[in-house]
Structure formats: C-alpha cells, structure tokens
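S.K.: This structure is in structure tokens; I'll ask about it shortly.
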Amino acid sequence: MRSDSSTRKSDALYEFHQERGHKTKDYIVLRQEVVNMLRQRHLKELLNDRGRTNFARVHEQHQGPPKPPSPACTIHMIISGIDDSFINNVKFTTTHKLKRSIIRERYDRLENSIIFDKSDTNSLTFPHNDALAITLRILDTDVRCTIVDDGSGACIFHPRVLAQVKLEDKIVPHCITLTGFNNAVERTSGEITLPVLAGGVTPETTFHIIDQDIMYNAKVGRPWIHTMRAVPSNLYQVFKFPTPWGIFSIRGEQHTSRECYRIALDNSATQQKRDKKKRHNNQQG
C-alpha cells in the first residue's frame, strides 16, 4: 500500500517498499510504540482474533514464573548435637500439602548471559567469607539455612528436618560413602527424592541423609546446581539460573549463614568441654 504522494519527502526513503516519504527507522520506532501501548492494554480493539491470541500468549510468557502457594511450614535452623534447645523457630501454617507438577524442560540455548555486578552487593556486609545460604521450597516446606556448595558432589539433608515435616517413612535405605577434601569419610544412612521449587522450575532432587552434627538444614551440591544450569556466587551472595521467563536470582541470607556458623562453633566448643570433663572424671575414677 503506497502512501499519499502529497505527504512524501524526497529526502526520506522507506527501504522495505523502496518508496520515498518516510525513513525506515521511523517505522521501527512507531512499531515499538504500538507494542508498548499494547503491553499497557491499549489498542487491543484494533487487533484481529489471531493477533489477540498471539499477543496474549507472548505477554503471558513475559509475566515471569507463576507465584507458588504458601509453604506448609518453614524450617529455620535445626542444629543437632547437644540437646533439643538447638531446635528453634519452627513455624507451621495451616496450608495443606500440595502435589506439584514436575517441569522437565530442557534449555538447549542460554539466550541471556548470567552476570554479577555492583547491584548484587546491595545490603551486603564487606569484607566477608560467608557461605551462600538460601531458602528453598523443598516439597511444600520452606527450608532456610540451605547451603549452596558447588564443591560438593552430593545433596545432603539432615534427618531431623525430615522428622519435622514427617517424611521419615519416605527415606530409602541406601548407604554410600562420601569423602571430604581431607579424606574424611562419612557414611550416609539413606536417601530421599523430593521436588525443589526455584524460579518456577521444579526438578526432582535426590538428597542423601547424614545423621551427623552439621551446621545447616540441607546442602545442595553440583547435581542440583548443574540441573538448574546455575551460577552461584558466595562473594555476591546470590544464586542465578535461567528459566523460561529469563534469568532468576535467589538472594543469599548473609545473616543466616553467619548465625548457622556461630551456633555450630558454640555447639562444638560446648561438646569439647563435655568431652574434656568426661576424660577428667575417668582419670579421677
């Protein structure tokens, strides 16, 4: 469709139709303005049925992941070892357990780069050497003090966390040997597979159970990190990964990380005093 010759400018060329009257960039700018107005829910009456359907689908894809339901409970910090006084701040709600559909999407191409910059340092305390502690929705429970450890080849759960959410009967007896960097050996007592919700993506993850004194409720290692195609940063205290809606970030909880570490140190110091007292009593006896 040609424009009215009376409105044309001889020095402006619209390259697509090879006619003079408007510059190509003017049409591009106009098109973007129309798209912006459509996103603001204007001009929709000018679209045909197919246009309305296509725009609604694209608009929905850019809305971000669906909002998850409220958790059935929140596990704050459970530190085993000395006595039950270290089980604190377990808050339950009235939400029922929900069955979650598992999203098994593969991302063949990462369209957006994952970067870290100054904006990621807001509210952080520097300098620091804090571990990356986050809150993850595991099944229908928000589990705080979950450590992200890309140096670990296993995902770990503390059995007392499972006891709080009454999942002990779901543990499958399967013992494996885990070896630390100093060749320290730990034997697991079983494993459990649970959905882990993050950014609208819910991969099933196998956790190994270790009934030892640990300073966190759960640990996610390389199996889960690689499944999420994620990039964690202890320095920036953030965990970033691609989703169908773009790059998603989970902020680390620096205060929680430090609190877990402090309680673990106090726990260890108290246990050492008890062991020393016990040895002294044995020598006296």
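S.K.: Can you go through I134, I114 and tell me which one is among the β-branched types (V, I, T), outside any loop (DSSP other than H, G, I, E, B) and under 20 Å from H226 (Cα atoms)?
M.R.: From the options I134, I114, the qualifying one is I134.
S.K.: Does at least one position in the stretch 170-188 carry a residue that is closer than 21 Å to N234 by Cβ and among the aromatic types (F, W, Y)?
M.R.: yes
S.K.: Just for the stretch 152-166: of the residues that are touching a residue at least 40 places away in the same chain (Cβ under 8 Å) and outside any loop (DSSP other than H, G, I, E, B), which one is surrounded by the fewest Cβ atoms within 10 Å (Cβ to Cβ)?
M.R.: Filtering first and then ranking leaves R160.
S.K.: Could you please find all residues in the stretch 113-151 being over 16 Å from T256 (Cα atoms), surrounded by 20 or more Cβ atoms within 10 Å (Cβ to Cβ) and either in contact with a Phe, Trp or Tyr (Cβ under 8 Å, 6 or more places away or on another chain) or of a type in the set (S, T, Y) (or both)?
M.R.: Residue satisfying the conditions is T141 alone.
S.K.: Check the stretch 227-237 and report whether any residue there is assigned by TED's automatic domain parsing to the domain that holds T193, surrounded by 18 or more Cβ atoms within 10 Å (Cβ to Cβ) and at positive phi.
M.R.: Yes, some residue in the stretch 227-237 is assigned by TED's automatic domain parsing to the domain that holds T193, surrounded by 18 or more Cβ atoms within 10 Å (Cβ to Cβ) and at positive phi.
S.K.: What pairs come up if the first residue lies in the stretch 253-274 and is under 20 Å from N129 (Cβ atoms), the second is surrounded by 14 or more Cβ atoms within 10 Å (Cβ to Cβ) and among the hydroxyl-bearing types (S, T, Y), and their beta carbons are under 8 Å apart, counting only those six or more places apart or on different chains?
M.R.: Listed by first residue and then by second, the contacts come to E253/T135; C260/Y216.
The values are calculated or read from the model by the stated rules, or taken from the named source; none is laboratory data. Because the structure is a prediction, the values reported are computed rather than measured. Here Cβ is always computed from backbone atoms with ideal geometry, including for glycine, and neighbour counts include all displayed protein chains.
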